[in-house]
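Worksheet: one structure, shown below.
The values are calculated or read from the model by the stated rules, or taken from the named source; none is laboratory data. Small disclaimer: the values here were computed from a predicted structure and weren't measured. A quick note on method: Cβ atoms are made from the backbone with ideal geometry, for glycine too, and the neighbour counts reach across all protein chains shown.
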């Protein structure tokens, strides 16, 4: 299942109005010796062509806002299909990139919870004592419902282009994304803040 289809499925599952997805990072690892990245190629692995474009465009825009040289992999590599190591390595060498940021989908988790009914006392008017007194005992109830909670987990690795060694890694969990674009923005924004703190990219 492609990223776009997964994230759209998550949007359909929502039953309440959302104020936007929330993302958290876990399993963050940073190499002991790292240098700030200057030129980066962004790769969305195993994504649909549309999902790949959305993710890579968002990440490149975020890095370019910080004055970095960044390029979407689909600009220099085939948009669809699996890439060989030789083709990928040649594109990185030709482009002179010092780092590669690669992200792939790990899992999509959904669980349903029952939200029980709630009771509340309706507020009465203020026209008279007896009417207000009577309405004070009027209890109304909102029905219970089933709510589907959705979590999209991605894995992001950053590699040094020269040594091909891993220099940074993390998992991201995005909860109840309403659209693919909102989910991608939430992930990329949070990763960028963490990379700033780890001194791998300049601050905005």
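Could you please give the count of residues in region 148-160 that are under 17 Å from residue 45 (Cα atoms), buried (at least 17 other Cβ atoms within 10 Å of the Cβ) and more than 10 Å from the chain's Cα centre (by Cα)?
The number of residues fulfilling the criteria is 4.
Looking at region 26-52 only, could you name the residues that are in contact with a helix residue (DSSP H, G or I) (Cβ under 8 Å, 6 or more places away or on another chain), surrounded by fewer than 17 Cβ atoms within 10 Å (Cβ to Cβ) and either at pLDDT 95 or above or part of a strand (DSSP E or B) (or both)?
Selection gives 28, 39.
For residues that are under 18 Å from residue 168 (Cβ atoms) and out of contact with any helix residue (DSSP H, G or I) (no Cβ under 7 Å at 6 or more places or on another chain), tally how many sit in region 70-118.
So the count comes out to 7.
In region 53-80, what count of residues is obtained for those that are in contact (Cβ under 8 Å) with a residue 40 or more places away in the chain and part of a helix (DSSP H, G or I)?
Count: 6.
If residue 21 passes every condition in (1) surrounded by 15 or more Cβ atoms within 10 Å (Cβ to Cβ); (2) over 20 Å from residue 169 (Cβ atoms); (3) at pLDDT 90 or above but one, which one does it miss?
With (1) surrounded by 15 or more Cβ atoms within 10 Å (Cβ to Cβ); (2) over 20 Å from residue 169 (Cβ atoms); (3) at pLDDT 90 or above applied to residue 21, the lone miss is (3).
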